[in-house]
Amino acid sequence: MVITGENDVAVQTNRSGGRVTVSRGLVTIGVATVALFVLSAALDPASVSGTSLSGMLPVAAVLAIAGLGQMLVVQQGGIDLSVAGGISLALIVVTHVPDGDSGRLVPAIGIALVFAVVAGLLNGVLIGLLGLNAIIATLGTNALLYGVNLEISGGRPRITTNLLADVAGGTTAGVPHAVVIALVTLGVVTLLVKKTVAGRRFEAIGSNRLAARTAGLRERRHHCLTYVWAQLLYCLAGILIAGITSQPTAYSGDRYLLPSIAVVVLGGTSLLGGRGFPLPTVVAAVFLQQLVQLVSVLGVSPAISPLVQAAALAVGVSLYTIRWTALVRRLTPDRAAPSGAPT
Amino acid sequence: MSLTRNLVTGAAITSLAVALAACGSTGSTSNGAEGPATRVDGAPEWCGTKKIELGLVDGYGGNSWRLVTTASGKAEAAKCPSVTGFKYADGQGDVQKSISDIKGLVSSGVDALVVFPDAGKAVLPALTASYKAGVVTVPYRVDPGGKAGVNYDKWIGDDFANDGVNWATWIKKNVPDGGNVLFLGGPAGNSQSIEEYEAMRKNLPDSYEFIGQKPFQPTNWDPALTQQLLTADIAKYPQIDVIVSDFGPTLVSALPLFAKSGRDIPALATTDGNSLSCFWEDSQKTSPFKMTTVTTGNDNVRLAVQYAVAKATGGKVPSADAFKGPVFEDSVSGEPNPVQCRKDLPGDTYLSAEMPGEEQAKLGD
């Protein structure tokens, strides 16, 4: 696997530092998030008030879950552009099939899960088995998912059932349920990837497919199933949006495409594959959503919001891929030409 | 593998459809029928005798409002037996697709085209090409720029300033001492929300202050974004006396935020929708608020269809050149209607529209 020298250092430190280690991604995004909240409070206290957080956190929770799905794919060196279609289809199924009747919610969720598995398998077969380029294949699947979406809904959203609104959109003791669901999801993903044999193999395959194959691991199966796990997480994200918004549109998932990739990168997972960082990914989702919320509260032009997200992505990529110490060394004349050099 | 085969079949069908659309006939050479007005017996006076095919292009068809509007357009066209064919295309919010939809329908040989030009001036060249190809071209609701008789036959607008005036009148009557007004509009820069804002500003004295972004808070008419922006607004402004929104149903998921923050729901001046009216009714016991709605204007398309069909079939062209949406509900005076909630119908029906709620409920199934 090709990663930068600094990442290598970080990995080595982690290995020698005992069982509990803090990844570089978590430190970076953690510090950035704390700094952002301090900055928000300083610029406009309203942006960190309870009301503001109650609007921001559920959306951040949805983004975190979609980001975890994207992270699994990125760990295998892939990228999943069908995240938008997957989210949109799930929310259309769980609002359109019950059509306001809470009794039909459970079957609807079942149908949404079946769609997610089928879409994931399609991606998995195309990319993992047939070796298609991930961008092209998932873009195609995305179009297909929207086709099914429009076939079911005619582009027309329905009102969320009361049950789903209570479960996914409600709060208990002031904590939005979506946040709890996101934290549970984080726990499950972390446990499966970090503490199970299959999960360890999964990461090893992402790091170096050739070595994994030589070691006799079923890398194709893992690679293929990644897309299924990812779609299941997008499906969960879609169901949550359906509960949070009373009448979600058929294209609601589109807003999560770029951010879902941005949070993975900001969390420190390399786009080239390998180790995944679930907790930093979730923190990055809070960071990104708070950034958007701050922009809204400050009341600056709506054009700024996508710019801010794009800038966050660019900063995230550069943080982890540019060898800053080498760059600084090169740009500092004293170090570039050591005093002891022969003349 | 059957999925792959389906994919291939789907792709084949799509390319065939595209090829067929591109190879169609080129349409008539003059815009509309010439000579004195004709009329089919028993049909409305705008229905002339020349047989035509009508096309309807939507820039973005992804919500129930559009679905009802499209069905209304189709229903209006069906009143005239001279309209022998009806074709519909949805741009799905993609400007490029909208442009190719217009060109595709023109080359497929429609005689008249009614267009919702969401992207405004961006689709003007396609409208002009359609007009020059001899198709009666009638954009409606969103102003595409350009001139009637040069770029298209006629633009049938909606008198949005009229809505602004109606809201301002109600606000002055029901929140008489002035206050903070929050206006939630559509996508940034859209002409509809700007016109409404200007009419309200002109008709409200300075004691009413518009808060938030000027001229309006851009929500893209998207419930999720509306909810997100409104949380920011509730956090930021301790005092909001009136909320104005030009797509009322998007507020339904956002309004409970006031109660959650321990505040009253402000007076609401907006457009109608069954989900909103039922929310108003449900809130009466716990957190009552005043509300007025103007009709959402699904029937704007009917006037545009009448105009296009009249021009193409040789019927009597309507004299009105803009749709004027009346006030629909007023929770305080009950005039012209008290708030109308129909629990037996889906939330996304628009009871102000000419098409009955029951028929709207069947759409999209």
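Read-outs throughout are calculated quantities, based only on the coordinates presented, and are distinct from any laboratory measurement. From a predicted model like this one, the values you see are computed outputs, not experimental measurements. Don't worry about glycine lacking a Cβ; one is built from the backbone with ideal geometry, like all the others, and counts go over all protein chains shown.
With a ≥ b ≥ c the root eigenvalues of the C-alpha gyration tensor of the range A:96-228, is it rounded (a/c under 1.5), prolate (a/b larger than b/c) or oblate? It is oblate, given that a/c is not under 1.5 and a/b is not larger than b/c. Cross-link pairs exceeding 32 Å in C-alpha to C-alpha distance, out of B:79/B:173; B:51/B:132; B:121/B:202, comprise B:79/B:173. Among the listed pairs B:260/B:324; B:172/B:214; A:194/B:260; B:172/B:362, those whose Cα-Cα separation exceeds 28 Å are B:260/B:324; A:194/B:260; B:172/B:362.
Let me have the relative contact order for chain B, percent, based on Cα pairs under 8 Å that are six or more residues apart.
For chain B, the relative contact order is 20 percent.
The calculated P(r) of the range A:22-322, using every Cα pair and 20 Å bins from 0, goes 35, 58, 7 in percent. Sequence-distant contacts, meaning Cα pairs under 8 Å at least 6 residues apart, place the relative contact order of the range A:22-322 at 36 percent.
For residue B:337 and residue A:314, a Förster radius of 56 Å and the Cβ-Cβ distance give a FRET efficiency of 0.55, rounded to the nearest 0.05. Once the cut-off is 21 Å, how many percent of the Cα-Cα pairs in the range B:224-295 end up in the long-distance tail? In whole percent, the long-distance tail amounts to 16.
Against the main long axis of the alpha-carbon atoms of chain A, helix A:5-16 sits at an angle near 80°. Per-residue shielding of B:232-243, expressed as the average number of other chain Cβ atoms within 10 Å of the residue Cβ, stands at 5.
With the simple spin-label model, which puts each label point 7 Å out from Cα in the Cβ direction, the residue B:49 to residue A:331 separation comes to 8.2 nm. Largest mean-square fluctuation among A:80, A:254, A:44, in a Gaussian network model of chain A whose springs join Cα atoms under 10 Å apart, belongs to A:44. Estimated from helices alone, the mean residue ellipticity of the protein assembly as shown at 222 nm is -17500 deg cm²/dmol (sum of -39500 (n - 2.57) over DSSP H runs with n ≥ 4, per residue). Straight Cα distances below 20 angstrom link residue B:316 to the aspartates and glutamates B:34, B:41, B:45, B:53, B:76, B:111, B:153, B:299, with same-chain residues fewer than 8 positions distant left out. With R₀ set to 51 Å, the beta-carbon distance separating residue B:206 from residue A:213 gives a calculated FRET efficiency near 0.10. What is the helix-to-structure angle for A:134-153, meaning the angle in degrees between its Cα long axis and the longest Cα principal axis of chain A, kept from 0 to 90 and rounded to the nearest 10? For helix A:134-153, the angle is close to 20 degrees. In the range A:172-237, Rg over Rh equals 1.13, where Rg is the alpha-carbon radius of gyration and Rh the Kirkwood radius from pairwise Cα distances. With one equal scatterer per alpha carbon and no solvent term, the Debye-computed log10 I(q)/I(0) for the range A:213-343 at 0.11, 0.16 1/Å reads -0.61, -0.99. Averaged over the residues of peptide B:213-226, the number of Cβ atoms from other protein chains lying within 10 Å of each residue's Cβ is 4. Taking 0.36 nm per residue of separation and subtracting the current Cα-Cα distance, fully stretching the chain between residue A:272 and residue A:42 would add 79.0 nm. Once you reduce the range B:107-152 and the range B:300-335 to the center of their Cα atoms, the two points are 19 Å from each other. Just so you know, the Cα atoms of the protein assembly as shown work out to an Rg and Dmax of 27.9, 105 Å. Computing FRET efficiency as 1/(1 + (r/R0)^6) for residue B:129 and residue A:99, where r is the C-beta to C-beta distance and R0 is 45 Å, gives about 0.60. Comparing A:286, A:94, A:308 in a Gaussian network model of chain A (Cα springs below 10 Å), the most mobile by mean-square fluctuation is A:308. Here is the size of the range B:84-224 from its Cα atoms: Rg then Dmax, 18.5, 58 Å.
What number, in nm² with one decimal, is the all-direction average of the projected area of the convex hull of the alpha-carbon atoms of chain B?
Result: a mean projected hull area of 20.9 nm².
Distance from the C-alpha centroid of the range A:117-172 to that of the range A:272-287: 22 Å, rounded to the whole angstrom. Inter-chain Cβ neighbour count for A:236-249, averaged per residue, equals 4 (cutoff 10 Å, partner chain atoms only). Summary value for the range B:82-155: 28 percent relative contact order, contacts being C-alpha pairs under 8 angstrom separated by 6+ residues.
Using only the alpha-carbon atoms, how far is helix B:300-313 inclined from the longest principal axis of chain B? Give it as 0 to 90 degrees, nearest 10. Long axis of B:300-313 versus the principal axis of chain B: about 20 degrees.
Taking chain B as a Gaussian network of alpha-carbon nodes connected by springs under 10 Å, the highest mean-square fluctuation of the residues B:348, B:159, B:206 belongs to B:206.
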